[in-house]
Every structure is written in C-alpha cells, then in structure tokens.
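The values are calculated or read from the model by the stated rules, or taken from the named source; none is laboratory data. These figures come from a predicted structure and were not determined experimentally. Neighbour counts run over all protein chains shown; Cβ positions are idealised from the backbone, glycine included. Keep in mind that these areas ignore ligands, DNA and RNA; they rest on the heavy atoms of the full protein, side chains included. Shrake-Rupley method; radii C 1.70, N 1.55, O 1.52, S 1.80 Å.
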Amino acid sequence: MSTEELGFDPTLKKKKKKKVVSKENGTASPGSGTISSKESLDDLFAGAKKKKKTKYSKETNGNDAVDDLTEGFEGLKLKKKRKKKIVSKADESADFEKELAAAGVQEEDSGEIYDEKQKETFIPYISLLDRFYEVLREKNPEMAGGQHQKLRIPPPEVARDGNKKTVFVNVQVIAHVLQRNPEHLIQYLFAELGTSGSIDGEKRLIIKGRFQAKNLESVLRRYIQEYVICQTCKSMNTELKRESTNRLHFIVCKACGSTKSVSSIKTGYQAQIGANRRKRG
Amino acid sequence: MSNIQNLKSFDPFADSGDVETEPTNYIHIRIQQRNGRKTLTTVTGVPEEYDLKKILKVLKKDFACNGNIAKDAEVGSVIQLQGDQRLKVMQFLVKQLGMLKKNIKIHGF
C-alpha cells in the first residue's frame, strides 16, 4: 500500500507540471489545457487500475486505491489554483516556472514511458537533488558549502632566537582561530616537544631548542586532531570547557552540540640529559 | 522506489568502533633534543611481560645505535635510544611484538 501511495505523489507532481505547460501555451485558451489534463488523468486512472490488478487482487485494496485517486484529484485542483497565484505574484517565480515547464515537457515523455513500464518515479531523483542544492545555496550558503568554507589556519611562523631558541611568532593568532586558550596550546606544545619556554613582550612564544616550521605544523595538526575537531561531526567549531566538579576537559561542539571528554595534557617521561644526569649518578 | 536512497545514509548513533571505556595502556614514544642536532628516543609503557633487556639488545643492533634502560618511579622501565628512532621503534613493536598500532602514541615534532 505504501508503495502505491508513494507512487501517487510523483504523478501528482507530474500533473502539476502538465498544468503549467498548458498555461504557458496560452492562458487565453484554458479549455484546451483542462482537456489535456483530463486525458492524462484518464491515463493515470488506467495505469492505477493496471497496478491494482497486478499488485493486489483483493477488492478492499482496490477501493483504497480509488480513494487515493479522488484525493489526488482534489489535490490537483488545489495545486492549479496555487500555481496561478504564484505566477501572478512575481517575475522571478514565473521565470522559474518556465524553467520548470521546460523541464516538465521533457519529463512528460519519459513519464509516459514510465507509465508503460508501471514505474513510480517520474521526476529523476538527481534533478530534484540538484534543484534542492540550488535553492539551498541561494538561501543559506553556509549549510550547502560546508566543505568549502573551512577554517583556514595560518601556517606557523617560526624564527630563530639565537642558537638554541625558537620563536613561534603567531601562536596567539592560531590559538584565536582554533578558539582555544593560548595557555592550553602552549602547554600542549611544550609537553609534545619535551621542552620549556616562555612568552615574550609581544606575546610570542619562545621555545627552547631548535624547531622548524614543519615540525611545529605536525604538532599543531595533532593538537587539532585531539583537542579541536569534534569526533562526531568533524567540525572545528568547538569549545574547550573545564568541568570544575570532576576536573575534566570537554570539547563542546558548536555545530552539532555533542560533548566529548579529552585527556589532560601530560608531559610524560623526561630523560635526564647532560650534566644533570651525571650529578644524579 | 523499493530502495529509498535517503534512508541509507550514515547513522550518527551507530557504534563508532572506538570504545574508550577501558583504560588502555598506551606505549608512548617520545623524542628529546640534546645538544646540537642530536636526539634521544624514549619508549615508555611497554608491558611488564616483555623482557626489555632482550628488546633493547635487538633494537640496538637493528638501528645501529646505543641505548639503555632507565628505571623511573612513575612509569617504570624506560627504553632510551640514541637518535630519532621513533618510526622504526613503532614498526618494530607492531611487526615483531604484535602490538596494536592504536595503542602506540608517537610524540614530538
């Protein structure tokens, strides 16, 4: 039964289009349009009966189908009225209607073929999908083009401070883009690189040891993977919140609203190096 | 219409596979910078049932480097190797000792 109902919706739509076509041909001669629609309705009726016979032999089902048909007829009339209103409303919609009509003409042919084959799809799914995305892109582009408008993270700018120190110039900017506290990012960097450092007067980060931009970039990537990206929807629009009751950090996604706990930053084992080692014995 | 394409999409409530309920003992492979361009690789968290001495012996021979085992109060025994051996150590752990790659974490740049 459900399949049959589903089958009826596309026919309705198809009908709608036919109506549009007839209107385009001449609003002056509405009689011809209605006739054509009636003819097509008859076709539809025949098709429905065929379906009925092939699919269901029971009479009860047959009655249901007839009911559906009448409903469809009413819907048709309603649709027709609406169409007229829309056309009179705005030029834009009229243009769109023309396009639709043009598409409808093509689909009529294919639709009739489908009728013969007794298939329920009359408008190709692809074209519907395309239209949906067109409208979506017009109305709210941030939903349609999610992949294109990714956060751009500036590459780390690295300078050498003397022989043994590295200056990470744009930590603050990167932390801001990632919506993270710079302290947290710096803490992670130090833990991962196994060094220490400080922040200078211009809020640049000075790291002990020699590091290249690509090194820091890979560490940054891991930081983003672990502390920024939402595991559920892969969005970077997240926030790091600290629960004071259990001292855990949570990623709260602003896109999908999910929360996930993340482990705190651990420095891990640090081997003693150089003179210290000898002193310890 | 028997297969509606829309309904066969990704199910956000399905099990994602990464169940992190039980605490996993990660093996951490870290790198430390020494003087100049010299580095030190440390491997912590290798399970107790492995004989670290034997592992170290093989590693030293394989990677052509020196190394030793340090005892630490917090993390237990630590394998130290000269130079940047992180990737090689991980491959060794996965291939020779059959450890799971997801339980090994490589740190450092």
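Selection within segment B:44-91: residues that are in a loop (DSSP other than H, G, I, E, B) and away from every other protein chain (no Cβ under 14 Å). The member of this set that is least open to solvent (accessible area, probe 1.4 Å) is B:CYS65. Being open to solvent by less than 40 Å² (accessible area, probe 1.4 Å) and either under 28 Å from A:TYR269 (Cα atoms) or at pLDDT 65 or above (or both) is a condition met by no residue of segment A:107-117.
Taking segment A:177-281 and the strands (runs of 3 or more DSSP E) fully enclosed by it, no element has 2 or more residues that are within 14 Å of another protein chain (Cβ to nearest Cβ) and exposed (fewer than 12 other Cβ atoms within 10 Å of the Cβ). When B:MET99 is tested against the conditions (1) within 10 Å of another protein chain (Cβ to nearest Cβ); (2) in a loop (DSSP other than H, G, I, E, B); (3) among the aliphatic types (A, V, I, L, M), the lone failure is (1). If we keep just the residues of segment A:175-199 that are closer than 15 Å to A:ASN215 by Cβ and aliphatic (A, V, I, L, M), which is nearest to the chain's Cα centre (by Cα)? Here the answer is A:LEU189.
With respect to the conditions (1) at pLDDT 90 or above; (2) not in a strand (DSSP E or B), A:VAL167 lacks only one, and its number is (2). You will find that of A:ILE224, A:ILE251, the residue that is in contact with a Cys (Cβ under 9 Å, 6 or more places away or on another chain), of a type in the set (A, V, I, L, M) and either within 28 Å of B:ILE29 (Cβ to Cβ) or free of Cβ contacts under 8 Å to residues at least 60 places away in the same chain (or both) is A:ILE251 and no other.
Working only within segment A:226-236, note down all residues that are under 22 Å from A:LEU205 (Cα atoms) and under 21 Å from the mean Cα position of the chain (by Cα).
In the first step, residues of segment A:226-236 are kept if they are under 22 Å from A:LEU205 (Cα atoms); the result is A:226-228.
Residue satisfying the conditions is A:VAL228 alone.
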